[in-house]
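In what follows, a single structure is set out as structure tokens and then discussed.
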Amino acid sequence: MSFRSFGMEEEPQCFGISSAPTDPDFDRYVNIYTNMLRTDFDFTTKTFLKLSAGDIGCKPTGQSGAMLQLPTLFYDNGLYEAANFHCQEMTQNPQCFQHDTCPENCHVFGGDCSFGKRTWSFYKKPVVIGENLAKGFYEPHSAMKGWIKSPGHCANLIGSVFQEMAAVFIRQGGVSCQSFGGATPVRKDPQIVSGIVHQHEDKAFSFIAMVSKATPTDTVKVWVQINQMAKSMSRLMVNSVSQTMIFSVTLNPSEIDCKASNTYLFGANINNVRVRLPMNFPSRFNLKC
């Protein structure tokens, strides 16, 4: 669902709903997958996610039929809060799986149950907004595949009006929420803005990192440290619309010390300035040998 009315009100002061634990990694994964899709649609759908042509619900093509690159979507905390509120209430009320606010919580937003009223209460920017929902997908790439197969959800993923996003997953109810916004994000110096590890069907691991505000003329070197081992990453794709780059390296399980739990973190040298992923890293992943 996307919405274009720009009315905004004060943020509700009391939400009156309890919180279930969210998956802390889900937002990063959906952000990377979405931005890969918006940078190189064919590669991401067919080569990376292994979708057939009949499983793809949309395509980012221009009037000439050529594939388009779309603006990179950056994280926004207000959109995260909007997605979290809705995921929490749908987890508490399994009969409520809809874009509008669940009936028992409409009073929080002055009796207005609309998706727009709820989202703009958190995302205080007078711009177009959108939302994807999913239920029963317990891995980020599975939710992404489901959204890509659906024409309406896929259209949000490649919506040219959007520049910000956030996503929430609550395992307790299997509910996923992805919120979109059209505001222009504040650009910062080049930095690693997100990173994930994706395990393919053949058990190989792809480590993927996204660097913002970087162009092909910049000197960018990115690496991933897995336990005590460092591996250089290669440039996978460049988004010339938003000056972002996505780097990757793929390893077989035999190349990684097989432990029940492994750690990884990303680092980069950008124009001779050393940076690392500004999140609560090192992150952990389970190795399925």
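Restricting the range 69-117 to residues that are in contact with a Gly (Cβ under 7 Å, 6 or more places away or on another chain) and closer than 27 Å to Lys59 by Cα leaves a set whose member that is least open to solvent (accessible area, probe 1.4 Å) is Leu79. Elements of the type strands (runs of 3 or more DSSP E) sitting completely within the range 213-274 and holding at least 2 residues that are on the phi < 0 side of the Ramachandran plot and exposed (fewer than 13 other Cβ atoms within 10 Å of the Cβ): these cover 229-239. State all residues of the range 36-70 that are more than 19 Å from His200 (Cβ to Cβ) and among the basic types (Lys, Arg); if no residue qualifies, say none. Residues satisfying the conditions are Arg38, Lys59.
Taken over the range 118-134, the criterion of being open to solvent by 20 Å² or more (accessible area, probe 1.4 Å) and either at pLDDT below 95 or under 19 Å from Asp25 (Cβ atoms) (or both) is satisfied by Lys124, Lys125, Pro126, Val127. In the range 52-160, counting only helices (runs of 4 or more DSSP H) that sit wholly within it, the ones holding 2 or more residues that are farther than 24 Å from Ile196 by Cβ span 77-92, 115-122, 151-157.
Quick grid of which residues meet (1) of a type in the set (A, V, I, L, M, F, W, C); (2) in contact with a Leu (Cβ under 7 Å, 6 or more places away or on another chain):
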residue: Phe205; (1), (2): yes, yes
residue: Val211; (1), (2): yes, no
residue: Asp218; (1), (2): no, no
residue: Gln228; (1), (2): no, no
residue: Arg235; (1), (2): no, no
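Suppose the filter is free of Cβ contacts under 8 Å to residues at least 40 places away in the same chain and either of a type outside the set (D, E, K, R) or under 19 Å from Ile56 (Cβ atoms) (or both); does Gly146 pass it? The answer is yes for Gly146.
The values are calculated or read from the model by the stated rules, or taken from the named source; none is laboratory data. Owing to the predicted nature of the structure, the values given are computational and were not obtained by experimental measurement. Positions of Cβ are generated from backbone atoms using ideal geometry, with glycine treated the same way; all protein chains shown enter the neighbour counts. Ligands, DNA and RNA are stripped out before the accessible areas are found, and what is left, the full protein with its side chains, is counted by its heavy atoms. Shrake-Rupley method; radii C 1.70, N 1.55, O 1.52, S 1.80 Å.
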